[in-house]
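The values are calculated or read from the model by the stated rules, or taken from the named source; none is laboratory data. Remember, it's a predicted structure, so these values are computed and weren't measured experimentally. Glycine also receives a Cβ, built like all others from the backbone with ideal geometry; neighbour counts cover every protein chain displayed.
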Number of protein chains: 2
Amino acid sequence: MPSYRIPAADVRFLLADVLRLPDHADLPGFADLAPDTVDAILSASGRFCEEVLLPLNLSGDAEGCLRQADGSVTTPTGFRKAFAEYRAQGWMGLSTDPDHGGSGLPYLMTVVLNEFASSANMAFATYTGLTQGAIATLARHGSDAQKAAYLPKMVDGAWTGTMNLTEPHCGTDLGLIRMKAVPRDDGTFALTGTKIFISGGEHDLAENIVHLVLARIEGAPEGTRGISMFVVPKHLPGPDGEPGARNAVSCGSLEDKMGLHASATCVMNYDGAIGSLVGEPGAGLRTMFTMMNEARLGVAVQGLAISEIAGQNAALWARERLQGRAITGAAAPERPADPIIVHADVRRMLMTIRATTEAGRALLLWTALQSDIAARSPDPKTAARAGDMLGLLTPVVKGVLTDRGFENAVTAQQVFGGHGYITASGMEQFVRDARVAMIYEGANGIQALDLVGRKLPKDGGRAIMAVLAELGLAIAAARDDETLAPLAAALARGVQDLQAATMWFMANAMKKPDNAAAGATDYMHLFGLVAFGWMWLKMARAATEHLAAGEGDRAFYEAKILTARFFMERLLPETALRRTRIESGAAATMALPADLF
Amino acid sequence: MPSYRIPAADVRFLLADVLRLPDHADLPGFADLAPDTVDAILSASGRFCEEVLLPLNLSGDAEGCLRQADGSVTTPTGFRKAFAEYRAQGWMGLSTDPDHGGSGLPYLMTVVLNEFASSANMAFATYTGLTQGAIATLARHGSDAQKAAYLPKMVDGAWTGTMNLTEPHCGTDLGLIRMKAVPRDDGTFALTGTKIFISGGEHDLAENIVHLVLARIEGAPEGTRGISMFVVPKHLPGPDGEPGARNAVSCGSLEDKMGLHASATCVMNYDGAIGSLVGEPGAGLRTMFTMMNEARLGVAVQGLAISEIAGQNAALWARERLQGRAITGAAAPERPADPIIVHADVRRMLMTIRATTEAGRALLLWTALQSDIAARSPDPKTAARAGDMLGLLTPVVKGVLTDRGFENAVTAQQVFGGHGYITASGMEQFVRDARVAMIYEGANGIQALDLVGRKLPKDGGRAIMAVLAELGLAIAAARDDETLAPLAAALARGVQDLQAATMWFMANAMKKPDNAAAGATDYMHLFGLVAFGWMWLKMARAATEHLAAGEGDRAFYEAKILTARFFMERLLPETALRRTRIESGAAATMALPADLF
């Protein structure tokens, strides 16, 4: 069975030295994040994830969820108890406004916690993560009555939340939604239709389930303009605020799927279920974007989380498994063979996982910080700038961290050789679980198109210009430092590729939009590589400063610098390949007639 | 459920126009391969794979194998009947020498057939593929008595074969083998020990199972020099040649694993089982290499096979699934949305699968042809040259085709969006099944080390020099053709990277062997890219000639040229990245102390 220790030292380093939390102490909730508060959160959440969630991961996968004859769904053994503990410890509302019963800490602390929970048990964390997304959506778009009826219960963890978008014939293309909402005399609506792939649509962890549902009000226009959002509870709240009458929404079946077995993926049938409108009629898609954006970062967290735990276990295995001798001569002559970590090809795999996981965490927390600044800064200009960054980075973080998360899980499994293919190792579950993160909340190709088609040109390219400017400053500031200069020089080459690819789109995609679409995925990864390089420069700079000051854990800081170097030498050069592909245009991709496939 | 049609047109094209079979009609067995014989084989094997094997693939995965209380193993419903049909149709001995009851056709036809079978049902094909490897090993290294006792039964398919190498503490490092062989008075040996990960170690498909087992004769030296090979049947052949007394070898348990559920992966316990020595004492590893080399190509076949069927289904889905509109305006305005094949990012995925699958098939069959020439050519020089090529290409084909096979399965699953994650689509099974091919018969990192450490420097680099010379000729011959010249120019850049990387190893790996080991995987893929480019140039040349002559299926040949162009523009440029990584050396990879992982 896999082991897991939360990466506490890395998180402390990122909060203090890369995000520089004290610089943001003026934002609401940030002042509460003194180092001892962070320590207390890390310590309590670490215990919960390592001791409660992790032991349920392999068993939860084997057991899966079960739909009973009455339509109820049973989660695997131990999940109810673990959920009760999660609730009792108050993690659900860690970052929710105290007005709604939350702790009001920065959102980035929820991201930190969700990484730990997703490493230890990704399936478990889907129930809580989606509830947090639903809370954020209702807090922002709900009426006062809706907030009062739902938020305290959800923040408490007594009730959970879901998002209902997909229908059998429509996933990405939400304009095709058919779910019907018929107005009732009392101002509510009766919803009828079928939704599929609904995570946590039915389960036994909470007293009530609050569905946020996209549907079309009778007579609404076709396409996305006709879509509205509704809140549809499993049980209608009674006059006392407790779950009352059963609503006409039920789980028709559970999907058998590749992984994430302990997360119930439901077909949900709405048979005139009563719901109330959230936000304006026809604004459903815009409203759902609050939830989707948070969910996209939440899925990025999953990619990072699986990377981390898979990498930890691959490193442990590589240090213990004896096989062959170092090519330079026996490293452990007293043993029958050397541990496989002596082999350069094994190192290559471990270093690749490490370099992308640590950069991924830095980038994710940096993006989460932008979300906090955008939501909490009293200065409109600061908030707008952070919002630009958040908008630009969200598809990159989702697409890149989930692609890397899966790749790293596959690589970590490879380190185990044949043993990695065996279920009991737990390594193959990481691969199966990580796979879905590349697909849901917008498949990664959709993230790439969102980046290239929307986020890049938005406001005349203001966000990408800001990123390039910051990169230029970071590189310039590193040029005089002996350790940092070669890292900065490598990053400068990556930035050049990013700039050139961006310019190429500007020059070639207006007339031929396929030129952008054919290069979108490559651009997303090119951007991700440069963003990782940026984070490595930030981390290496902080490490260099600590080393120069002679303070802290020397080995930790040295490892940061060595890993930065590996990233710049071995991984960052991929930017040139991505640029070459982008600049080759769409012709070869689009040439073959569709009927020849 | 996935569908499947054997790629008959592509195979016919490769045999006739790329391998140019008529040029080899002087080799034993090749003259029998007239086009109508090929057609008959394709037609019969296609029917069997499409109609018998494919329908058992999803059900076999769901049902898996079961070990009964008496230690026997039951394969999934339908497998016994399918195996009986396979046997009745005489596929097992298609390429075995007629002296041993086979049909004597070229080995490459077995490769063709095994691709079809592995596409339709990879798990089923493990039983037959390993038997064919055991047949080849006994045919080459067995005594006359062993051949007489085992080969007719195995070629007939009445008995199956296995290879027993791995033990719990030793996979890659066979020098650690502990399995003991004690000489008995009658010249046989009593084998005692445990082997793990034995595919088809026990099952209900055949009357008898013939295990080829690596063990250490009592008193033999430590390390690989002390290892010998034994043939150990489940039932000792009786005086009538039929299965007699039960031998002391049994299946202790089956492994629960990620995929390939219908292939029994056994822990095999030997408790003084009677076996006879195959070949010389202490030559076990060398002898097993016959089986391992054939098995490595067999595993490459699996990578190709999953690529093919996953790609077929992704293309079908992309042509039928309606979602969104083409970025250049509605392509099917009469329908609610366009088929997703109109989107450039979906095309990118389909074209990547197509370009690597078709090149992979060409390379695999070309390598199989080298195996045939090496084994059958009466001219020692021709045979030696083909043997050089086979030796050099085998690790490349194994490593690259299985890495690509898995990647392509993942990409094909991605085309399906959320539906690809659902078991019923069958797409996730392809990913789980394909995963093992990167691991077994030598993990792909081991293939890379075999390539760089052994095959490259062998005989003063004679094989790589021959490949580079052939590449040079092919490029030069294409320079005057309007269609081929740009393809050849792209290939020339790839060859330059391959040459430079090869020279870099020569200059830098002698003093520091880690410089070779750290770049081995990159070199294997660099080689694979160039080899794929070579095959694309061959295919494009043949297609151009047919088009110029105005003969054959115009659309087929045009598709070949367009796909070649896609490969050269979008995929081949990765050679530069691989070269950059190789030339960065081992320093950054090896710098971090092992205890910091």
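Just one of the listed residues (A:253, A:228) is more than 30 Å from residue B:443 (Cβ to Cβ), modelled with pLDDT of 95 or more and within 14 Å of chain B (Cβ to nearest Cβ), namely A:253. Candidates are the residues of the stretch B:476-506 that are under 19 Å from residue B:355 (Cβ atoms) and among the small types (Gly, Ala, Ser); the one that is surrounded by the most Cβ atoms within 10 Å (Cβ to Cβ) is B:494.
So that you can scan it fast, the table gives a plain yes or no per residue for (1) under 29 Å from residue B:343 (Cβ atoms); (2) surrounded by fewer than 24 Cβ atoms within 10 Å (Cβ to Cβ); (3) modelled with pLDDT under 95:
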residue	(1), (2), (3)
A:508	yes, yes, no
A:511	yes, yes, yes
A:531	yes, no, no
A:537	no, yes, no
A:542	no, yes, no
A:550	no, yes, no
A:567	no, no, no
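Scan the stretch A:113-125 and tell me whether some residue there is in contact with a strand residue (DSSP E or B) (Cβ under 6 Å, 6 or more places away or on another chain), of a type outside the set (D, E, K, R) and closer than 30 Å to residue A:308 by Cα. Within the stretch A:113-125, not a single residue is in contact with a strand residue (DSSP E or B) (Cβ under 6 Å, 6 or more places away or on another chain), of a type outside the set (D, E, K, R) and closer than 30 Å to residue A:308 by Cα. Does residue B:181 satisfy being of a type in the set (Gly, Ala, Ser) and under 22 Å from residue B:221 (Cα atoms)? It is true that residue B:181 is of a type in the set (Gly, Ala, Ser) and under 22 Å from residue B:221 (Cα atoms). Here the stretch B:109-138 is the region considered, the condition is being closer than 18 Å to residue B:370 by Cα and aliphatic (A, V, I, L, M), and the residue that is surrounded by the fewest Cβ atoms within 10 Å (Cβ to Cβ) is B:136. The set of residues in the stretch A:40-99 that are among the acidic types (Asp, Glu), over 24 Å from the mean Cα position of the chain (by Cα) and assigned to a helix (DSSP H, G or I) comprises A:63, A:99.
Okay, residues lined up against (1) touching a residue at least 60 places away in the same chain (Cβ under 8 Å); (2) among the basic types (Lys, Arg); (3) over 20 Å from residue A:153 (Cβ atoms):
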position	(1), (2), (3)
A:53	yes, no, yes
A:56	yes, no, yes
A:62	yes, no, yes
A:66	yes, no, yes
A:69	no, no, yes
A:74	yes, no, yes
A:79	yes, no, no
A:84	no, no, no
A:92	yes, no, no
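If you go through the stretch A:175-194 one residue at a time, do you hit one that is within 14 Å of another protein chain (Cβ to nearest Cβ) and without any contact (Cβ under 8 Å) to a residue 24 or more places away in the chain? The answer is yes; a qualifying residue exists. For the stretch B:16-35, a residue qualifies if it is among the hydrophobic types (A, V, I, L, M, F, W, C) and within 16 Å of residue B:95 (Cα to Cα), and the qualifying residues are B:21, B:25, B:27, B:30, B:31, B:33, B:34. The single condition from (1) over 30 Å from residue B:169 (Cα atoms); (2) more than 13 Å from chain B (Cβ to nearest Cβ) that residue A:435 fails is (2). The number of residues in the stretch A:494-504 that are under 29 Å from the mean Cα position of the chain (by Cα), more than 13 Å from chain B (Cβ to nearest Cβ) and not aliphatic (A, V, I, L, M) comes to 3.
Yes/no per residue for (1) modelled with pLDDT under 95; (2) surrounded by 13 or more Cβ atoms within 10 Å (Cβ to Cβ); (3) over 25 Å from residue B:258 (Cα atoms):
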{"residue": "B:1", "(1), (2), (3)": "yes, no, no"}
{"residue": "B:19", "(1), (2), (3)": "no, yes, yes"}
{"residue": "B:41", "(1), (2), (3)": "no, yes, yes"}
{"residue": "B:49", "(1), (2), (3)": "no, yes, no"}
{"residue": "B:61", "(1), (2), (3)": "no, yes, no"}
{"residue": "B:69", "(1), (2), (3)": "no, no, no"}
{"residue": "B:79", "(1), (2), (3)": "no, yes, no"}
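The sole residue among A:577, A:562, A:537, A:529 that is more than 14 Å from every other protein chain (Cβ to nearest Cβ), part of a helix (DSSP H, G or I) and among the hydrophobic types (A, V, I, L, M, F, W, C) is A:537.
All conditions in (1) under 30 Å from residue A:145 (Cα atoms); (2) within 14 Å of chain B (Cβ to nearest Cβ) hold for residue A:318, with the sole exception of (1).
Considering the stretch B:583-595, the residues that are farther than 15 Å from residue A:349 by Cα and not in a loop (DSSP other than H, G, I, E, B) include one that is nearest to the other protein chains (Cβ to nearest Cβ), namely B:595.
If you go through the stretch B:331-357 and keep only what is in a loop (DSSP other than H, G, I, E, B) and either within 7 Å of chain A (Cβ to nearest Cβ) or free of Cβ contacts under 8 Å to residues at least 12 places away in the same chain (or both), you end up with B:331, B:332, B:333, B:334, B:336, B:337, B:343.
With respect to residue A:204, is the statement that it is outside any strand (DSSP E or B), over 28 Å from residue B:419 (Cβ atoms) and either free of Cβ contacts under 8 Å to residues at least 40 places away in the same chain or acidic (Asp, Glu) (or both) true? Spelling it out, it is not the case that residue A:204 is outside any strand (DSSP E or B), over 28 Å from residue B:419 (Cβ atoms) and either free of Cβ contacts under 8 Å to residues at least 40 places away in the same chain or acidic (Asp, Glu) (or both). Exactly one residue out of B:445, B:360 is crowded, with 24+ Cβ neighbours inside 10 Å, within 13 Å of chain A (Cβ to nearest Cβ) and part of a helix (DSSP H, G or I): that is B:445.
Which one of these is more than 18 Å from residue B:193 (Cα to Cα) and either among the polar types (S, T, N, Q) or in contact with a His (Cβ under 7 Å, 6 or more places away or on another chain) (or both): B:247, B:293, B:269? Every option except B:293 fails the conditions. For the stretch B:459-476, give me each residue that is free of Cβ contacts under 8 Å to residues at least 60 places away in the same chain and among the small types (Gly, Ala, Ser). Listed by number, the residues that qualify are B:460, B:461, B:469, B:472, B:476. In the stretch B:412-429, of all residues being under 12 Å from residue A:435 (Cβ atoms) and within 21 Å of the chain's Cα centre (by Cα), the one that is nearest to the other protein chains (Cβ to nearest Cβ) corresponds to B:428.
The residues of the stretch A:139-170 that are within 14 Å of another protein chain (Cβ to nearest Cβ) and buried (at least 23 other Cβ atoms within 10 Å of the Cβ), listed by number, are A:163, A:164, A:165. Of the residues making up the stretch B:24-35, none is free of Cβ contacts under 8 Å to residues at least 60 places away in the same chain, under 12 Å from residue B:112 (Cβ atoms) and assigned to a helix (DSSP H, G or I).
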